[in-house]
Amino acid sequence: MGFPGTWMTESESMVYRVVPKCACSSIGQIMFFSDHGRFFDGDIHDSTEGLHKWAQEESQPLIERNAKGHRSFAFTCVRNPYGRILSSFFDKIAGIQRNGRRYRGNLVPMLAQKYGIDVGSPENGFEFDQIASFRRFLLFARDTIRFRRPMDPDIHWSAMAGHVGTFVSNGGRYDSIFPVESFDAGMQGVLDRVETPVPVRLDAVPRFNESEGHGPKRLHPIEDYFDDLARHLVWEVYHRDFRLFRYDFDDPSRKAPTGEVDLDEVHAVLGE
């Protein structure tokens, strides 16, 4: 299986396991800058040079050798499961993608037909019942993750433990797992422990959020989207994320984790 979703600087100063919807655009751009002294011109996910990626065949032996030998500082970034799944809905389901189209072509029409999900359109200003549509999307996401129907789960709403775990189960070991809710402190902690060809000042790094501005704005507090049934569905598919990454299941409005990630526990649980 190797190390899917893993990026590494060309200097091999650091190795990063991507977790979608967890600041991966910003992290990738910081890694790119730390080698080249400039940011990638475009979405870092589209880069094919300047950053090793497992998706690039020529990078695979380099990443595998490094990860299995623990030659570089390895890290990832996680996010509150409530905020992450809500962000996935507004970006990938309700939003318009960078190419001007809906995500995955016929996905939104299929969701409308099978789950009764309405996400409006740019023509009507994306007017729709956000809470009702999100809760129906949550049922769909649960079906894809638990039962692989009506399709396989998408990387943007697959459980974080699954993404994080592939790195461990294939022989890698993390030196840091930090929450996106404390991004600056967590990323600075990584930079403080590595040597990069180009120094990085986080306070000078622009904000990279490739999903912003392409769809509707969230109209309600996060806790309003999660009634008892919605919270039950979230726990059903993300219980390991809450436990391993120390997020509060009982209070959706509490964004920050309740404590630090226990790396030994993560490696023990996800390495099985």
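Observations on the model:
- Restricting Arg104, Arg71, Arg98, Arg173 to those that are farther than 21 Å from His232 by Cβ, surrounded by fewer than 17 Cβ atoms within 10 Å (Cβ to Cβ) and in contact with a strand residue (DSSP E or B) (Cβ under 7 Å, 6 or more places away or on another chain) reduces the list to Arg173.
- Residue check: Ser25 meets all listed conditions (1) open to solvent by less than 20 Å² (accessible area, probe 1.4 Å); (2) small (Gly, Ala, Ser); (3) over 12 Å from the mean Cα position of the chain (by Cα) but one, namely (3).
- Among the numbered conditions (1) surrounded by 14 or more Cβ atoms within 10 Å (Cβ to Cβ); (2) modelled with pLDDT of 95 or more, the only one that Gly215 does not meet is (2).
- Boolean, Gly165 is in a helix (DSSP H, G or I), at pLDDT 95 or above and buried (at least 20 other Cβ atoms within 10 Å of the Cβ): yes
- The range 181-201: number of residues that are closer than 15 Å to Cys22 by Cβ and either open to solvent by less than 40 Å² (accessible area, probe 1.4 Å) or basic (Lys, Arg) (or both): 4
- Looking only at residues in the range 107-130 that are of a type outside the set (Phe, Trp, Tyr) and at positive phi, the one that is surrounded by the most Cβ atoms within 10 Å (Cβ to Cβ) is Gly120.
- The single condition among (1) within 15 Å of the chain's Cα centre (by Cα); (2) β-branched (Val, Ile, Thr); (3) open to solvent by 40 Å² or more (accessible area, probe 1.4 Å) that Ile145 does not meet is (1).
- Annotation note: of Glu223, Glu265, Glu272, the sole residue that is closer than 29 Å to Gly2 by Cα and open to solvent by 70 Å² or more (accessible area, probe 1.4 Å) is Glu272.
The values are calculated or read from the model by the stated rules, or taken from the named source; none is laboratory data. The structure presented is a predicted model; accordingly, all values stated were derived computationally and were not measured. A quick note on method: Cβ atoms are made from the backbone with ideal geometry, for glycine too, and the neighbour counts reach across all protein chains shown. Note: accessible area is taken over every heavy atom of the protein model, side chains too, but ligands, DNA and RNA are not part of it. Shrake-Rupley method; radii C 1.70, N 1.55, O 1.52, S 1.80 Å.
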